[in-house]
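K.L.:
Below you'll find the structure I mean.
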Amino acid sequence: MEISVIIPLYNKEPFIKHCLEQTLSQDFDSFEVIAVDDGSTDSSGVLCDRAAAKDHRLRVVHTENGGVTAARRTGLERATGKYVMFLDADDELLPNALRQSYDLIVSQDVDEVIALYQNQNGDIFDSGYRGVVDYRDIIKNYLGTKNSFQPLWGILFRKELLEGCLNFTREIIIGEDILTHIRALVKQPRIFCADHSNYLYVQGLPNTRKKPLRHEMTYDQVLRESLQPLWPEIEPWYQLHQLKAYEVFIDEQQFHVYKDYYHSLKGHLNPQIPLLDRMMFALPPRAAYLPIHLYKKWLRMRSRQIFTYNNTSPKAQ
């Protein structure tokens, strides 16, 4: 078996049938699909079982609800493929996604293939990177919240690269995909960035989740521990991640977070951090709210328009 596609799902009844149909229609000879039903209370699991009865390539695992990271870990433990790709149940793989990524991971002899992706309107998310790319560039992109790379889904991984990357606490429910990938990137894999789209990300689905401060503190602790092999070089980017998270809290008018957590950064910010972020942190939380809120509002308006990221100097190596 060459590729295992792992689909974690919880209450995805409106989407899972189409997701499975699109995945099983891939033009590739050697792949399996592992759907992990994470204790769904709707008919998601039943729909998966019906599909599995018609196609031997699909296996369904039913578990008690343990969160998406646990579901992905369960899928990985049962995967028999040499390579692994994660897929969210409300998204879909584009035609030839497995074939194109597989051809590249074999021909380029790399540990990951990262392609472009697009939303349901056809808008393409493009990091601008091509060819073999330094793993540190991708980590810095994530920590700076540029979000121009697929966070986890749609990437074709060499299976052994993911070992130990999904063993963190369930409390981390936002950003868990990026954290998982960062833990793989710290292992210094060889990465190839492709020039084609392989994944359709359904954008705009309702998501009212907000990260409590205690969850952010847990996330930061796990992230910092994960980054230790690269710490001297990556510390400024870790601080930038903290400031970006702080700005989200301020935009939500959770002004208490400065006193409860972020005040310890004062006087210790690395000069490499962008001036604008340092200025926002230097302001009292309530004074920082208006400029941060207006900037976030502008970003949200921009996100409804075009999602094509053009980089005139691709950092291919």
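K.L.:
Within the stretch 258-304, can you find the residues that are within 29 Å of residue 123 (Cα to Cα) and either in a loop (DSSP other than H, G, I, E, B) or in contact with a Gly (Cβ under 9 Å, 6 or more places away or on another chain) (or both)?
P.N.:
If the condition is that a residue be within 29 Å of residue 123 (Cα to Cα) and either in a loop (DSSP other than H, G, I, E, B) or in contact with a Gly (Cβ under 9 Å, 6 or more places away or on another chain) (or both), then 274, 304 are the ones that fit.
K.L.:
Right, here's the next one. Count, please, the residues in the stretch 42-65 that happen to be buried (at least 16 other Cβ atoms within 10 Å of the Cβ), within 13 Å of residue 11 (Cα to Cα) and not hydroxyl-bearing (Ser, Thr, Tyr).
P.N.:
Residues that pass the stated criteria total 3.
K.L.:
State whether one or more residues within the stretch 185-195 are in a helix (DSSP H, G or I) and open to solvent by less than 10 Å² (accessible area, probe 1.4 Å). Please lay out each step first, then the result.
P.N.:
Keep residues of the stretch 185-195 that are in a helix (DSSP H, G or I), which gives 185.
Within this subset, residues satisfying the condition of being open to solvent by less than 10 Å² (accessible area, probe 1.4 Å) are 185.
Within the stretch 185-195, one or more residues are in a helix (DSSP H, G or I) and open to solvent by less than 10 Å² (accessible area, probe 1.4 Å).
K.L.:
So which residues in the stretch 88-108 are farther than 26 Å from residue 203 by Cβ and either open to solvent by 10 Å² or more (accessible area, probe 1.4 Å) or touching a Gly at 6+ places or on another chain (Cβ under 6 Å) (or both)? Step through it out loud before you land on a result.
P.N.:
Here is the first cut: in the stretch 88-108, the ones farther than 26 Å from residue 203 by Cβ are 102-103, 105-108.
Of everything in the stretch 88-108, those that are farther than 26 Å from residue 203 by Cβ and either open to solvent by 10 Å² or more (accessible area, probe 1.4 Å) or touching a Gly at 6+ places or on another chain (Cβ under 6 Å) (or both) turn out to be 102, 103, 106, 107, 108.
K.L.:
Follow-up question, since we're still on this one. Just wondering, is there one or more residues in the stretch 129-139 that are on the phi > 0 side of the Ramachandran plot and either open to solvent by less than 10 Å² (accessible area, probe 1.4 Å) or small (Gly, Ala, Ser) (or both)?
P.N.:
At the first step, the residues of the stretch 129-139 found to be on the phi > 0 side of the Ramachandran plot are 131.
The next check asks that each one be either open to solvent by less than 10 Å² (accessible area, probe 1.4 Å) or small (Gly, Ala, Ser) (or both); those that pass are 131.
Yes, that holds for at least one residue.
K.L.:
Within the stretch 71-87, can you find the residues that are touching an Asp or Glu at 6+ places or on another chain (Cβ under 7 Å) and more than 17 Å from residue 158 (Cβ to Cβ)?
P.N.:
Residues of the stretch 71-87 that are touching an Asp or Glu at 6+ places or on another chain (Cβ under 7 Å), as a first pass: 71, 80-83.
Once the filter is applied, which keeps residues that are touching an Asp or Glu at 6+ places or on another chain (Cβ under 7 Å) and more than 17 Å from residue 158 (Cβ to Cβ), the stretch 71-87 yields only 71.
K.L.:
Something else now. Just to verify a result, which residue in the stretch 232-289, among those that are loosely packed, with under 11 Cβ neighbours inside 10 Å and of a type in the set (D, E, K, R), is farthest from residue 218 (Cα to Cα)?
P.N.:
Within the stretch 232-289, the match that is farthest from residue 218 (Cα to Cα) is 266.
K.L.:
Filter the stretch 67-82 for residues that are open to solvent by 20 Å² or more (accessible area, probe 1.4 Å) and part of a loop (DSSP other than H, G, I, E, B) and give the result.
P.N.:
Those that are open to solvent by 20 Å² or more (accessible area, probe 1.4 Å) and part of a loop (DSSP other than H, G, I, E, B): 80, 82.
K.L.:
Right, something else. Within the stretch 215-231, how many residues are among the charged types (D, E, K, R) and either open to solvent by 30 Å² or more (accessible area, probe 1.4 Å) or free of Cβ contacts under 8 Å to residues at least 12 places away in the same chain (or both)? Let's see the steps before the verdict.
P.N.:
Let us first name the residues in the stretch 215-231 that are among the charged types (D, E, K, R), namely 216, 220, 224-225.
If we keep only those that are either open to solvent by 30 Å² or more (accessible area, probe 1.4 Å) or free of Cβ contacts under 8 Å to residues at least 12 places away in the same chain (or both) as well, we get 224-225.
Count: 2.
K.L.:
Assuming residue 27 fulfils every condition listed in (1) of a type outside the set (A, V, I, L, M, F, W, C); (2) part of a strand (DSSP E or B); (3) touching a Pro at 6+ places or on another chain (Cβ under 8 Å) apart from one, which condition is it?
P.N.:
(2)
K.L.:
While we're on this one: Condition first: over 10 Å from residue 197 (Cα atoms), surrounded by fewer than 23 Cβ atoms within 10 Å (Cβ to Cβ) and hydrophobic (A, V, I, L, M, F, W, C). Now tell me which residues in the stretch 109-127 satisfy that.
P.N.:
110, the sole residue that qualifies.
K.L.:
For the stretch 128-148, does any single residue satisfy the condition of being farther than 21 Å from residue 193 by Cβ, without any contact (Cβ under 8 Å) to a residue 40 or more places away in the chain and basic (Lys, Arg)?
P.N.:
No, the conditions are met nowhere in the stretch 128-148.
K.L.:
Examine the stretch 197-207 for a residue that is surrounded by 13 or more Cβ atoms within 10 Å (Cβ to Cβ) and more than 30 Å from residue 20 (Cα to Cα), and state whether such a residue exists. Before you say what the answer is, go through the steps one by one.
P.N.:
Keep residues of the stretch 197-207 that are surrounded by 13 or more Cβ atoms within 10 Å (Cβ to Cβ), which gives 197-203.
Pick out the ones that are also more than 30 Å from residue 20 (Cα to Cα) and you get none.
No.
One line per residue, one yes/no per condition, for (1) more than 13 Å from the chain's Cα centre (by Cα); (2) under 23 Å from residue 91 (Cα atoms):
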{"site": "155", "(1), (2)": "no, yes"}
{"site": "167", "(1), (2)": "yes, no"}
{"site": "188", "(1), (2)": "yes, no"}
{"site": "196", "(1), (2)": "yes, yes"}
{"site": "203", "(1), (2)": "yes, yes"}
{"site": "214", "(1), (2)": "yes, no"}
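The values are calculated or read from the model by the stated rules, or taken from the named source; none is laboratory data. Since the structure is predicted, the reported quantities are computational estimates derived from the model, not experimental observations. Cβ atoms come from the backbone with ideal geometry, glycine included; neighbour counts cover every protein chain shown. Note: areas computed on protein heavy atoms with side chains; ligands, DNA, RNA excluded. Shrake-Rupley method; radii C 1.70, N 1.55, O 1.52, S 1.80 Å.
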